[in-house]
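Comments concern the structure below.
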Amino acid sequence: MESLIDGIMLLNEQGELLFANACAKRICHQLTQNISQNISQSLTRHNSVPRQILRSCQALVKGRQELSQRSVIIEDEIRTEETGTIRIRAQWLNLNTVECPCLLVTLEDRQQSAQHKAIAEAQKYGLTERETQVWLLRQSGYSYKAIALELHIADDTVKKHIKSIHTKRNGAEWLEEE
């Protein structure tokens, strides 16, 4: 579970943390780090699960009580300037080694996912180093103007690189169809 790109957490029905991989710990730390000195307000009493995540888990528990279904998946997003967008997915997980069912919570750092995708595409389409830099920023949500400022290049140069990237992507798609 440590090698997964997403954060993985297991919680019991009471919202107590049973397991968290390194990515989940990092995301939770980022979410709670941005709260002022009063960090304890953003955490549950029992563990270090941020309240934003715990709310999704509580909705899942409540849904099971009301609907008697365990196949429900609760999805939500947390958006902050500091962490970007974190997608939360909570669902029930029955483990043979645990008496009660657990809550499986997946945390996806959308910016990190976009960067991994951009790196994979850069390799797949044979982008140059500068095109890769431009594509990473574009996939992270930067505007053309912001990319130009970040890379200290002209707006027209950014446009030229984006056009070249799209040409390479379209060319690769044509080859795949043949």
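Any read-out appearing in this document is the output of simple, stated calculations on the displayed coordinates, not a laboratory observation. Everything numeric here is computed off the predicted structure, so don't read it as measured data. Glycine gets a Cβ as well: all are built from the backbone with ideal geometry, and neighbour counts include every protein chain shown.
Fully extending the segment from ARG110 to ILE73, taken as 0.36 nm per residue of separation minus the present Cα-Cα distance, adds 11.5 nm.
Taking Cα centre as origin and charging only the Cβ of basic (Lys, Arg, +1) and acidic (Asp, Glu, -1) residues, the dipole magnitude of region 126-177 rounds to 180 debye. Spacing of the modelled spin labels on LYS159 and ASN96, each 7 Å from Cα toward Cβ, amounts to 6.2 nm.
Computed from Cα positions, the angle between helix 129-139 and the longest principal axis of the chain comes to roughly 40 degrees. Net charge in the neighbourhood of ALA148 (other residues with Cβ under 13 Å of its Cβ; Lys, Arg +1, Asp, Glu -1) is +2. Relative to the longest principal axis of the Cα atoms of the chain, the long axis of helix 51-67 makes an angle of roughly 60 degrees. Charge dipole (Cα centre; +1 on Lys/Arg Cβ, -1 on Asp/Glu Cβ; no other charges) of the chain amounts to roughly 340 debye.
Helix 22-33 and the longest principal axis of the Cα set of the chain meet at an angle near 90°. The HN-Hα couplings worked out from phi for region 142-149 by the Karplus form 6.51 cos²θ - 1.76 cosθ + 1.60 (θ = phi - 60°) are 6, 7, 4, 5, 5, 5, 4, 5 Hz, whole numbers, x standing for Gly and Pro. Computed extension gain for LYS117 through SER3, at 0.36 nm per residue and net of the alpha carbon distance, reaches 39.4 nm.
For the pair LYS62 and ALA172, the difference between a 0.36 nm per residue extended length and the Cα-Cα distance amounts to 34.8 nm. The ALA146 and GLN33 beta-carbon pair, evaluated with R₀ = 22 Å, returns a calculated FRET efficiency of approximately 0.35.
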